[in-house]
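Working notes, beginning with the structure itself.
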Amino acid sequence: MPTETQLAIQRAAQILLTAKHPILLTGAGISAESGIPTFRGKEGLWKNFRAEDLATPEAFSRDRKLVWEWYNWRKRLILSKKPNEAHYAAYRLKEKLPNLLCITQNVDSLHKRAGLKDILEMHGNIFRVRCQKCFRVGIIEGEVTHETACKYCNLPELRPDIVWFGEALDASLMHEIHSQLLRCDVILVVGTSGHVYPAAGFAIEVRRRGGYVIEINTDENHRAFPNDIYLQGNAATLLPQLDSLLSGD
Ligand code: BJW
């Protein structure tokens, strides 16, 4: 006798198989099983650190040294971790559904390390730096300090190439996402609290246009909308199960 969750996964798989313009949106929860802390919740980063002190342009202007120390710590942590089964399942999903538009709010590169090439990183990437003077972007996996010089203009004006609170997201990326949202018939939302806009608005937009919303999240108190499919549990368990049904495994 299949459980309620198994039936819901089967239904989600059927919906994805017939989707014309599906979207996958991931958040910090997809990397939780890899050992990377999420932002909100009991163990979240914002329990121990204040976003206002570290993840705003004002915080960076006030204390670049502190902000870089925090990012160096997170970079070291991320480099010591590996993609988990949910990242690999997302990669396989994209292989099976070539039309799938993959969007992540994560800056940790774990989707890419699992092989997923075409992913829109809407909040940037923790391993990229951007010069505040010449605006050029580079990759630095190791430590960066407030004194590290830009390799193009030689000025110590590097900042993480990340979207902080109050900052606009990349315009061309948002243009692409919005044009895809207009025709999206299914959005699969994995491991995000839905607190941060504009990403939090994507499922709302798809639902409003009559598309399906399928969500995977560990949150037991989530209140799903009537036509949504809410799969409560660990993404590293549930996403591979969903993926395996797409190939009839
Ligand atoms: C699992 C699991 C497992 C756990 N399996 N599930 C009022 C005041 C000020 C600003 C605003 C305001 N109202 C709206 C705003 C705008 C603001 C915003 O939305 N704020 C809200 C908090 C209210 N947004 C912005 O500022 C954005 N920019 C913008 O709107 O620009 C407008 C503009 C236009 C023109 C000019 C200027 C401006 C930018 C947002 C940038 C967000 N940046 C961050 C930090 C990046 C820095 C970094 O990483 O260092 O991005 S915030 C942080 O939250 C990070 C994440 O990408 C983002 C989303 O978090 P996510 O992924 O949802 O993680 P969690 O922790 O919240 O949730 C994890 C979930 O996983 C939970 O639900 C768990 O249950 C689940 N889970 N384990 C499955 N194993």
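The values are calculated or read from the model by the stated rules, or taken from the named source; none is laboratory data. Not measured: the values here are computed from a predicted model. Methodologically, a virtual Cβ is constructed for each residue, glycine included, from the backbone with ideal geometry; neighbour enumeration extends over all protein chains shown. Keep in mind that these areas ignore ligands, DNA and RNA; they rest on the heavy atoms of the full protein, side chains included. Shrake-Rupley method; radii C 1.70, N 1.55, O 1.52, S 1.80 Å.
Summary table
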read-out: Filter result for Lys65 (over 23 Å from Ala199 (Cα atoms) and in contact with a helix residue (DSSP H, G or I) (Cβ under 8 Å, 6 or more places away or on another chain)); value: no
read-out: Unique residue being in contact with a helix residue (DSSP H, G or I) (Cβ under 7 Å, 6 or more places away or on another chain) and more than 13 Å from the ligand (Cβ to nearest atom) when the list is Leu120, Leu101, Leu79; value: Leu101
read-out: Output for segment 225-249, where each listed residue is more than 15 Å from the ligand (Cβ to nearest atom) and either open to solvent by 40 Å² or more (accessible area, probe 1.4 Å) or among the polar types (S, T, N, Q) (or both); value: Phe225, Pro226, Asn227, Ser244, Leu245, Ser247, Gly248, Asp249
read-out: Any hit, segment 52-59, residues being surrounded by 15 or more Cβ atoms within 10 Å (Cβ to Cβ), in contact (Cβ under 8 Å) with a residue 40 or more places away in the chain, among the hydroxyl-bearing types (Ser, Thr, Tyr) and touching a strand residue (DSSP E or B) at 6+ places or on another chain (Cβ under 9 Å); value: no
read-out: Test: Ile36 is without any contact (Cβ under 8 Å) to a residue 60 or more places away in the chain and crowded, with 18+ Cβ neighbours inside 10 Å; value: no
read-out: Test: Ala203 is of a type in the set (A, V, I, L, M) and within 9 Å of the ligand (Cβ to nearest atom); value: no
read-out: Residue tally, condition part of a helix (DSSP H, G or I) and surrounded by fewer than 22 Cβ atoms within 10 Å (Cβ to Cβ), over segment 95-126; value: 4
read-out: Index of the failed condition, His195 passing every other in (1) within 9 Å of the ligand (Cβ to nearest atom); (2) in contact with a strand residue (DSSP E or B) (Cβ under 9 Å, 6 or more places away or on another chain); value: (2)
read-out: Residue in segment 206-224 that is surrounded by the most Cβ atoms within 10 Å (Cβ to Cβ), counting only those that are within 25 Å of Leu17 (Cβ to Cβ) and within 14 Å of the ligand (Cβ to nearest atom); value: Ile216
read-out: Scope segment 172-199; condition part of a helix (DSSP H, G or I) and open to solvent by less than 80 Å² (accessible area, probe 1.4 Å); matching residues; value: Leu173, Met174, Glu176, Ile177, Ser179, Gln180, Leu181
read-out: Scan of segment 24-48 for residues that are out of contact with any helix residue (DSSP H, G or I) (no Cβ under 7 Å at 6 or more places or on another chain), at pLDDT below 95 and either outside any helix (DSSP H, G or I) or within 29 Å of Lys117 (Cα to Cα) (or both), ordered by number; value: Gly41, Lys42, Glu43, Gly44, Leu45
read-out: Qualifying residue in segment 159-171 (condition: over 23 Å from Gly35 (Cα atoms), within 16 Å of the ligand (Cβ to nearest atom), acidic (Asp, Glu) and open to solvent by 20 Å² or more (accessible area, probe 1.4 Å)); value: yes
read-out: Qualifying residues in segment 1-23 (those that are of a type outside the set (A, V, I, L, M, F, W, C) and not in a helix (DSSP H, G or I)) - the one surrounded by the most Cβ atoms within 10 Å (Cβ to Cβ); value: Pro22
